[in-house]
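The structure appears below as structure tokens.
The values are calculated or read from the model by the stated rules, or taken from the named source; none is laboratory data. If you're wondering where the values come from, they're calculated on a predicted model, not measured in any experiment. Here Cβ is always computed from backbone atoms with ideal geometry, including for glycine, and neighbour counts include all displayed protein chains.
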Amino acid sequence: MTASTPKLRSRAWFDNPANIDMTALYLERYLNFGLSLDELRSGKPIIGIAQTGSDLSPCNRHHLVLAERVREGVREAGGIVLEFPVHPIQETGKRPTAGLDRNLAYLGLVETLYGYPLDGVVLTIGCDKTTPACLMAAATVNLPSIALSVGPMLNGWHKGERTGSGTIVWKARQLLAAGEIDDAEFIRLVASSAPSTGYCNTMGTATTMNSLCEALGMSLPGSAAIPAPYRDRQEVAYLTGKRIVEMVAEDLKPSDILTRDAFHNAIKVNSAIGGSTNAPIHLAAIARHIGVDLPLKDWETEGHKVPLLVNLQPAGEYLGEDYYRAGGVPAVVNQLIGQGLIAEDAMTVNGKTMGNNCRGIAIEDEAVIRPYDRPLVAEAGFIVLSGNLFDAAVMKTSVISPEFRARYLSNPDDPDAFEGPAVVFDGPEDYHHRIDDPATGITPQTLLFMRGAGPVGYPGAAEVVNMRPPAYLITEGVNALPCIGDGRQSGTSGSPSILNASPEAAAMGGLALLQTGDRVRIDLNKGTADVLLPPEELERRRAELVAAGGYAYPASQTPWQEIQRAVVGQMNTGAILEGAEKYQ
Ligand code: FES
Ligand code: MG
């Protein structure tokens, strides 16, 4: 500790002569598992490890092992560790959806960071929502914070081919629907994608958010992509522990790092890596909690023209191990630096700037990370759409397949637009019941709509907008139909869906007024999505729906569902607990 070291906030608990009663009480209980009085009163910083790993959270479970190395790093640098649990979030295991838990974990972590004697914190991130939940809380409390990724699983393999998390499910679903595999083979195929500890090995929401955390400057450079079981992962856990102690001494806080420049850097990196459509929701949430203005439109203006460089499934071929071997985030950032696309002055947790950390980092395998002048897709960012169906929705145009383009975007007079009759589903259960029923009336011209799947309608917003065509169309070779909805889509899905539509039907957005059979026009060039009905007809339907009590959605099943529904915002502004952003 140097003379300029800020007064440690933990001293208010452990070394407060003005309140000796409480000091004694705080001390006696933190002594009782083996810490000594000397240690607690030595003036050493108290470092929290926000532990997101548990048996319920297998994606992050390896953090239980890594925490030992973090402790060694903290100790060596002169700090004391207090490790504590974070509310579990497991993306695929939580019902009705893990989306419900991001704000709950955020709330819990804010209370923990604020209310206990901590001077700094190591955020253990990994599975999809654990990363934004931790960063949102760190933003609110603004305590020196550093994130440690758990790292992706090793590559999955089946019959000599890479099988990637989630992505293999969409493929296996089609094989099963077409009768080419049975149930047992379906499970074997899916399980082959998960050969080790760690998070999803595709460029799904987990790899995306861990990469963006590094691009934001909140984790050590080069650390995001290291696979969970690699020895380098242990080493970076140790270095992260050491570094957080220095950060406390330097008083380097999230507000010094999470600037508007940092978010714009992350948006560009998201395009270059082919990142998840969940990223705009989570970055908006982190930005609001740190007080940075980040309108959804920034994703298009900052990110749309950036090319896809990382050849990972679902957009490409490779998986997590390959991404690390090819250079990970720093190699990608360096390609963008070469084009002047990165704000190089953005500060990062190691006390150096993004430019210092990444400039000159070479690509080690150009099959996996392409140089800027040989991209996989030219304009890989999202476009933001609006119209009479919603105010804002995002679409990842880089995953539009040649088949999809030929079917929907090949009119020479109107190359960026398509039109068709809507088939509307109210929530995922309705879709599962009716998708294969010929009476639903789905043809190759149909646009599939999913509503009642937003933050209020399906509390937390379900990842259900990417819908497969009915089995009878798949057997005829129609593998994808346009999908539009007020829910989310798994980052591991390669569908070119129009997602995160805000406001949702449950908040009486335009989707609530849509009826099966209505014609809808999507214009990707103009960025519009409209049902082709006169305003009077829409007003008539709105009045009728309001008179009937509004758009109906299922009742809450838990207290938290009810609480969150009452205060959650829409996805275009981060789906945060409205009002929470004023606590900074
Ligand atoms: Fe946890 Fe993908 S399900 S990382
Ligand atoms: Mg997901």
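Taken together, A555, A543 contain a single residue that is in a helix (DSSP H, G or I), surrounded by fewer than 11 Cβ atoms within 10 Å (Cβ to Cβ), at pLDDT 95 or above and out of contact with any helix residue (DSSP H, G or I) (no Cβ under 8 Å at 6 or more places or on another chain), which is A543.
If you go through segment 226-256 and keep only what is more than 19 Å from the chain's Cα centre (by Cα) and β-branched (V, I, T), you end up with V236, T240, I244, V245, V248. Note on segment 249-287: among residues that are assigned to a loop (DSSP other than H, G, I, E, B) and among the polar types (S, T, N, Q), the one that is modelled with the highest pLDDT is T259. Does T131 fit the bill of being more than 13 Å from P254 (Cα to Cα), at pLDDT 95 or above, within 16 Å of ligand 2 (Cβ to nearest atom) and hydroxyl-bearing (S, T, Y)? So T131 fits the description; yes. The lone criterion from (1) more than 16 Å from ligand 1 (Cβ to nearest atom); (2) buried (at least 24 other Cβ atoms within 10 Å of the Cβ) left unmet by L189 is number (2).
If D373 satisfies all but one of (1) in contact (Cβ under 8 Å) with a residue 60 or more places away in the chain; (2) surrounded by fewer than 21 Cβ atoms within 10 Å (Cβ to Cβ), what's the number of the condition it fails? Just one mismatch for D373, condition (1).
When you look at F425, is it within 29 Å of the chain's Cα centre (by Cα), in contact (Cβ under 8 Å) with a residue 12 or more places away in the chain and part of a loop (DSSP other than H, G, I, E, B), yes or no? It is false that F425 is within 29 Å of the chain's Cα centre (by Cα), in contact (Cβ under 8 Å) with a residue 12 or more places away in the chain and part of a loop (DSSP other than H, G, I, E, B). Kindly establish whether L64 is more than 16 Å from ligand 2 (Cβ to nearest atom) and either among the basic types (K, R) or free of Cβ contacts under 8 Å to residues at least 40 places away in the same chain (or both). So L64 fits the description; yes. Out of the residues in segment 63-122 that are among the acidic types (D, E) and within 16 Å of ligand 1 (Cβ to nearest atom), state the one that is surrounded by the fewest Cβ atoms within 10 Å (Cβ to Cβ). Result: D101. Cβ separations smaller than 7 Å between residues 6+ apart or across chains give the following pairs from segment 339-356 residues that are of a type in the set (S, T, Y) to residues that are not in a loop (DSSP other than H, G, I, E, B): T348/I257; T348/M354; T348/N357; T353/M347. A count restricted to segment 160-172 and to residues that are surrounded by fewer than 24 Cβ atoms within 10 Å (Cβ to Cβ) and more than 16 Å from ligand 2 (Cβ to nearest atom) stands at 5.
Sub-8 Å Cβ pairs linking a first residue in segment 561-584 that is within 21 Å of M508 (Cβ to Cβ) to a second residue that is surrounded by fewer than 17 Cβ atoms within 10 Å (Cβ to Cβ) and at pLDDT below 95, at least 6 apart or interchain, number zero.
Restricting to segment 483-508, count the residues that are in a loop (DSSP other than H, G, I, E, B) and either within 16 Å of ligand 2 (Cβ to nearest atom) or surrounded by 24 or more Cβ atoms within 10 Å (Cβ to Cβ) (or both). Counting residues in segment 483-508 that are in a loop (DSSP other than H, G, I, E, B) and either within 16 Å of ligand 2 (Cβ to nearest atom) or surrounded by 24 or more Cβ atoms within 10 Å (Cβ to Cβ) (or both) gives 11.
Exactly one residue out of I80, I20 is in contact with a strand residue (DSSP E or B) (Cβ under 6 Å, 6 or more places away or on another chain) and over 30 Å from T277 (Cβ atoms): that is I80. So which residues in segment 330-369 are assigned to a loop (DSSP other than H, G, I, E, B) and surrounded by 23 or more Cβ atoms within 10 Å (Cβ to Cβ), if there are any at all? Of everything in segment 330-369, those that are assigned to a loop (DSSP other than H, G, I, E, B) and surrounded by 23 or more Cβ atoms within 10 Å (Cβ to Cβ) turn out to be I342, A346, T348, V349, V368. Every condition in (1) over 19 Å from P554 (Cα atoms); (2) within 17 Å of the chain's Cα centre (by Cα); (3) at pLDDT 95 or above holds for D486 except the one numbered (1). Given the condition within 19 Å of L216 (Cβ to Cβ), part of a helix (DSSP H, G or I) and over 16 Å from the mean Cα position of the chain (by Cα), answer yes or no: does some residue in segment 89-108 qualify? No; the residues of segment 89-108 include none that is within 19 Å of L216 (Cβ to Cβ), part of a helix (DSSP H, G or I) and over 16 Å from the mean Cα position of the chain (by Cα).
Selection over segment 275-300 of residues that are buried (at least 24 other Cβ atoms within 10 Å of the Cβ), of a type in the set (G, A, S) and away from ligand 1 (no atom under 16 Å from the Cβ) gives a count of 3. Restricting attention to segment 202-248 and to residues that are touching a helix residue (DSSP H, G or I) at 6+ places or on another chain (Cβ under 8 Å) and among the basic types (K, R), the residue that is nearest to ligand 2 (Cβ to nearest atom) turns out to be R233.
When the strands (runs of 3 or more DSSP E) confined to segment 116-227 are screened for residues that are within 29 Å of A331 (Cα to Cα) and of a type in the set (S, T, Y), those reaching at least 1 such residues are found at 120-125, 145-149, 161-163.
Go through the residues of segment 290-302 one by one and say whether even a single one is in a helix (DSSP H, G or I), out of contact with any strand residue (DSSP E or B) (no Cβ under 6 Å at 6 or more places or on another chain), within 16 Å of ligand 2 (Cβ to nearest atom) and at pLDDT 95 or above. No. For Q51, the conditions (1) in contact (Cβ under 8 Å) with a residue 60 or more places away in the chain; (2) farther than 18 Å from S196 by Cα; (3) within 11 Å of ligand 1 (Cβ to nearest atom) are fulfilled apart from (3). Residues in segment 385-396 that are surrounded by fewer than 24 Cβ atoms within 10 Å (Cβ to Cβ) and either farther than 18 Å from I281 by Cβ or aromatic (F, W, Y) (or both): G387, N388.
Could we say that Y458 is outside any loop (DSSP other than H, G, I, E, B), aromatic (F, W, Y) and touching a residue at least 12 places away in the same chain (Cβ under 8 Å) here? Against the criterion (outside any loop (DSSP other than H, G, I, E, B), aromatic (F, W, Y) and touching a residue at least 12 places away in the same chain (Cβ under 8 Å)), Y458 does not qualify.
Output yes when any residue across segment 309-329 is part of a strand (DSSP E or B), under 19 Å from the mean Cα position of the chain (by Cα), farther than 24 Å from G485 by Cβ and more than 16 Å from ligand 2 (Cβ to nearest atom), and no when none is. Yes, segment 309-329 contains at least one residue that is part of a strand (DSSP E or B), under 19 Å from the mean Cα position of the chain (by Cα), farther than 24 Å from G485 by Cβ and more than 16 Å from ligand 2 (Cβ to nearest atom). Against the numbered list (1) of a type outside the set (S, T, Y); (2) crowded, with 22+ Cβ neighbours inside 10 Å; (3) in contact with a Phe, Trp or Tyr (Cβ under 8 Å, 6 or more places away or on another chain), F418 comes up short only at (2).
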